[in-house]
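The values are calculated or read from the model by the stated rules, or taken from the named source; none is laboratory data. Computed from a prediction, not measured in an experiment: that's the story for all the values here. When we count neighbours, we look across all protein chains shown, and the Cβ atoms used for this are built from the backbone with ideal geometry, even at glycine.
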C-alpha cells in the first residue's frame, strides 16, 4: 500500500472536490430556510401584508427540531423517509455545479445521475404519503407521481439539449462551457431549454400554478397532502429537504442562465466570490418566482399535464434545434 | 303603486285545519299554485300534537296547514313524494319529537346525534335536558360505490381551516367524484328548546347567536315574528333601519366570501384585499351598532343604532370590490377554474327548493326583500339597478360568485336608499294598514291556538323564516327558525356530479352554507 506518485494529483483533486462539495452543501443548507423566508416575504409585501420577516421559516425549523414527532400505530416509514428525503436533497445539492465546477473525479455529476437522485427524493416523499394510510396521503402521492412522471423526462431532455453543444452530459462541463462562451446562453437552444427547465422546476417543487404551497384545503393539495401526517422533527426534516431541493434547483437554473461567479478552480478568493454569487443568484431567482406567483392562480389539476406537455415540447424543440444550429 | 311612505305590512297567515288524510291533497294544491313549503313546526299541546306547515308564495299571504292528532296516536303520512323539503322536515320531527312519518322512502336519521341515548327525543316537553350520552352505536351507512378503481375519501368533521364541522364522504374514480354524501348535524345545541320559557326580549340574544354570521337575519326574523304574534305596530322608520342592518350583514359576508372563493384557486392577492375590506366593514358595523357582527341593535318593536351609517364608506368599499372582481376576472386561470364548475341547473335548483344566491345563480328569482317585503323598496323606474333581485343563469361557481359580487354594489346602494328614505319619515309613523293586524289574524284562528307570528327575512344566505308562538303568560312557548341552508345543503352533492376532487373546496365555498343555522 504505497502511494504511487501518479495517484497523488488525484488525491489532491479528490480532497479539493470534497471540500468544495461540503462547503456547497453547508452554504445551501444555511441559505434554503432564508430563501423560503425571502420568497414568502416578497409575496406578503406585494399583496400589501406586513409578513413575519425572512427569518420565520428558520425559526419554524428550529422549533420543529425540538419537537417529538407523533406517529400513528402501524406507520413504519415516518421516521425513515424524512431522513432519506434530506439525504437525497443534500446529494442533489452536492452533485449540482452551484458554487464551483470542481468535482470529485470518482463521483460523476452526470445529468442522468442528477435526475436519478431527483427521482429518489420524489419516491421517498410519495412513500411517506402512502405510509400514513390516510386518504389524503395516498391522494397526494398519486398526484405527485403523475406530475413527476411528466417532469423528470423534461428535465432530462432540457439539460440534454444544453449538453449537445458541449459534448458532455456532465453538468459542470456545461456550466464551464457557458462561462467560456457566454453568448451561448442566449442561443435559441439555451433559451428554449431554460424556459422548459423553469416550468418543470416550478412543478417539481410544488409552486403555483401547479400546487399551492400555502393552502389549507386538504382536497386540493399535492405536496402538502403527503406530509399532513408528519409532525415534530420528522416534519422539520421533510420541510428542510424540500426547501433545500428548491434552493438547489433554483441555483442550477440560475447558473445555467447566468454562469458568472462560479469558481472554476479551487482558491480562497474564488470560493468567496462563488458563495456570494450563488446566494445572490438563488435569492434573486426565489424572489422572482415569488413575485410572479402573486399574479398566478392554481390551474385545474387536469390542466397540469397540458402545462408540462408544453414544457416538454419546448425541451424537445431545444434538442432538435441544437442539432440544426450547431 | 301605494303611497311610498307607507310600508308593506307582513301579512298574517291564512290558517287552515286539515286532517292527516287531507294533508297531501292540500299540500299538492298549494305547491301547484306557486307556493313553497317554507317551514314545518311540531307543537305539543295538552292532549294533542299539532304540526304546522307554513307555505309561502311571492306577494301573497302565507298559508298555514295545521294537522292535529291525539298524542297517543302520533304519526304523520309522509309527503316526501310530493315535496323533497317536506321529506326532510318529517325526518327532523321524527328525530326531535319521535313523530313517525309513515311510508317515508328514506327514513334515515337526520338531526339525531350518534351519542343520544336510544329513544331520546330532545324537543319533547318531558325530555331530560341533561341525558347520559351513550356510545355512538348507531349506524351511519354510506352507500359504497362498487366498481374498478373506486375509492373513498373521508374528509372531516374536523377540517384544516377555521370552518364548521361537517363530514364529507367522496366516492371517487381517479379524480372524478362519482358520489358525495355530506354528513352534517354535528352542531345540535338545542336552540329551539332554549327559546322556550324566555321572554320575547330575552329571545333576541339567543336568535342573534343561532348562526354567528347571520345575527341580523335571525334576530330580525325572530323579532318580526314576535311582533306579529303580539299584534305590535312597528314604525316604518324601524323597518328601514333594520333593512339597512340586513344589507350591512350581507355586505361583510359577501366581501369575505368573494375573497375566499378566489383564494381557493390560489389567487391570494384578491383575498388579502377582500379581508382588508371586510375588516373595514366590521369596524363600520361596530361604529353603527356597537358590535362588529351587528348584535344588540334589533329589539322587539325597536331598532336602535349607536352611530351613523357611513354611506360614502360603503360606496367606496363597493367600488373597491368591483375592482377586485375585475382583477379576478382578468386572470384567465381564475376564470377557467370558476366557469362550468359545480353546475346546478335551474330545474335542479327549483325541484330542491333552493334559496338565496344559490337559487339566484341558477336563474330563480327568489328574494324575500321583494317577495315578502317589510319595507317599501326602491321604485324600479327611478333605480333600475335596484329594481329586483340579482339573477345569473349559468348555475356554476362563477354565477354564484357574480351574484354575490353584484349584490355588494346593490346592497351599498340599498343602504343609501333606505337612509335617504328614512330622512323623510316620521319616527313614530306606523304603516297604515297594520294596526291590530296581528291580533286580528289570531282571532280568526282556532280559539285554542296560542298567538303566533311569522317572520320572513332575506338574510344574506337566503330567505329565513321564524315562526313564534306565545304562551298565555307572554313568554315564548315555541320558536321554530328555518335557515335557508336547510334547503340549500342537498343541492351541493348534486352540483358536484362529475366535478373533480380538487374542485370540491371551491364549489363548497361558492355555496358556503351554514352548519349551525342548519342544525339548531
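With respect to residue B:508, determine if the residue is out of contact with any strand residue (DSSP E or B) (no Cβ under 7 Å at 6 or more places or on another chain), within 14 Å of chain A (Cβ to nearest Cβ) and at pLDDT 90 or above. Here the answer is yes, as residue B:508 does meet what is asked. If the condition is being within 24 Å of residue B:109 (Cα to Cα) and either part of a loop (DSSP other than H, G, I, E, B) or modelled with pLDDT under 85 (or both), then segment B:147-162 contributes B:156, B:157, B:158, B:159. For segment B:89-106, residues that are crowded, with 20+ Cβ neighbours inside 10 Å and more than 16 Å from residue B:124 (Cβ to Cβ) total 4.
In segment A:85-95, is there at least one residue being surrounded by 14 or more Cβ atoms within 10 Å (Cβ to Cβ) and in contact with a strand residue (DSSP E or B) (Cβ under 9 Å, 6 or more places away or on another chain)? Yes: one or more hits.
Please go through segment A:111-122 and give me each residue that is more than 11 Å from the chain's Cα centre (by Cα) and surrounded by 18 or more Cβ atoms within 10 Å (Cβ to Cβ), ordered by number. If the condition is that a residue be more than 11 Å from the chain's Cα centre (by Cα) and surrounded by 18 or more Cβ atoms within 10 Å (Cβ to Cβ), then A:111, A:122 are the ones that fit. Among the criteria (1) in contact (Cβ under 8 Å) with a residue 60 or more places away in the chain; (2) within 22 Å of residue B:297 (Cβ to Cβ), the one residue B:259 does not fulfil is (2).
In summary, residue B:127 fulfils each of the numbered conditions (1) within 14 Å of chain A (Cβ to nearest Cβ); (2) in contact with a helix residue (DSSP H, G or I) (Cβ under 9 Å, 6 or more places away or on another chain); (3) assigned to a loop (DSSP other than H, G, I, E, B) with the single exception of condition (1). Whether a residue is surrounded by fewer than 19 Cβ atoms within 10 Å (Cβ to Cβ), touching a helix residue (DSSP H, G or I) at 6+ places or on another chain (Cβ under 7 Å) and touching a residue at least 60 places away in the same chain (Cβ under 8 Å) was assessed, and residue A:194 does not pass this test.
Test residue B:294 against the criterion of being under 21 Å from residue B:459 (Cβ atoms), surrounded by fewer than 20 Cβ atoms within 10 Å (Cβ to Cβ), in contact with a helix residue (DSSP H, G or I) (Cβ under 7 Å, 6 or more places away or on another chain) and more than 8 Å from chain A (Cβ to nearest Cβ), and give yes or no. Against the criterion (under 21 Å from residue B:459 (Cβ atoms), surrounded by fewer than 20 Cβ atoms within 10 Å (Cβ to Cβ), in contact with a helix residue (DSSP H, G or I) (Cβ under 7 Å, 6 or more places away or on another chain) and more than 8 Å from chain A (Cβ to nearest Cβ)), residue B:294 does not qualify. Where helices (runs of 4 or more DSSP H) sit wholly within segment A:209-326, those with at least 3 residues that are crowded, with 24+ Cβ neighbours inside 10 Å occupy A:232-257, A:268-294, A:304-325. Close Cβ contacts (under 9 Å, 6 or more residues apart or on different chains) running from residues in segment B:132-159 that are more than 14 Å from chain A (Cβ to nearest Cβ) and over 30 Å from residue A:215 (Cα atoms) to residues that are modelled with pLDDT under 85 and surrounded by 13 or more Cβ atoms within 10 Å (Cβ to Cβ) comprise B:134/B:114; B:135/B:114; B:136/B:114; B:137/B:114; B:138/B:114; B:140/B:114.
Suppose the filter is within 14 Å of chain B (Cβ to nearest Cβ) and touching a strand residue (DSSP E or B) at 6+ places or on another chain (Cβ under 8 Å); does residue A:295 pass it? Taking the combined requirement at face value, the residue does not satisfy it. Of the residues B:342, B:330, the single one that is within 14 Å of another protein chain (Cβ to nearest Cβ), at pLDDT 90 or above and closer than 26 Å to residue B:482 by Cβ is B:342. Would you confirm, using the coordinates I've provided, whether residue B:272 is within 14 Å of chain A (Cβ to nearest Cβ), surrounded by fewer than 24 Cβ atoms within 10 Å (Cβ to Cβ) and under 26 Å from residue A:296 (Cβ atoms)? Criteria met by residue B:272.
Among the residues of segment A:116-161, just one is under 16 Å from residue A:89 (Cβ atoms) and within 14 Å of another protein chain (Cβ to nearest Cβ), namely A:144. Hey, does segment B:185-199 have a residue that's within 22 Å of the chain's Cα centre (by Cα), modelled with pLDDT under 85 and assigned to a loop (DSSP other than H, G, I, E, B)? The answer is no; no qualifying residue exists. When only residues in segment B:163-184 that are part of a loop (DSSP other than H, G, I, E, B) and at the interface with another protein chain (Cβ under 10 Å from one of its Cβ atoms) count, which is nearest to the chain's Cα centre (by Cα)? Per the criteria, the residue is B:163. In this structure, residue B:211 qualifies as under 18 Å from the mean Cα position of the chain (by Cα) and touching a residue at least 40 places away in the same chain (Cβ under 8 Å).
A residue that is modelled with pLDDT under 90, in contact with a helix residue (DSSP H, G or I) (Cβ under 8 Å, 6 or more places away or on another chain) and over 18 Å from residue A:148 (Cα atoms) occurs nowhere in segment A:249-256. Could you tell me whether any residue of segment A:92-112 is more than 14 Å from chain B (Cβ to nearest Cβ), within 30 Å of residue A:229 (Cα to Cα) and free of Cβ contacts under 8 Å to residues at least 12 places away in the same chain? Within segment A:92-112 (the criterion being more than 14 Å from chain B (Cβ to nearest Cβ), within 30 Å of residue A:229 (Cα to Cα) and free of Cβ contacts under 8 Å to residues at least 12 places away in the same chain), the answer is no, since none of the residues qualifies.
Among the residues of segment A:31-48, at least one is assigned to a loop (DSSP other than H, G, I, E, B), touching a helix residue (DSSP H, G or I) at 6+ places or on another chain (Cβ under 9 Å) and without any contact (Cβ under 8 Å) to a residue 60 or more places away in the chain.
Residues of segment A:252-261 include none that is more than 14 Å from every other protein chain (Cβ to nearest Cβ) and touching a strand residue (DSSP E or B) at 6+ places or on another chain (Cβ under 9 Å).
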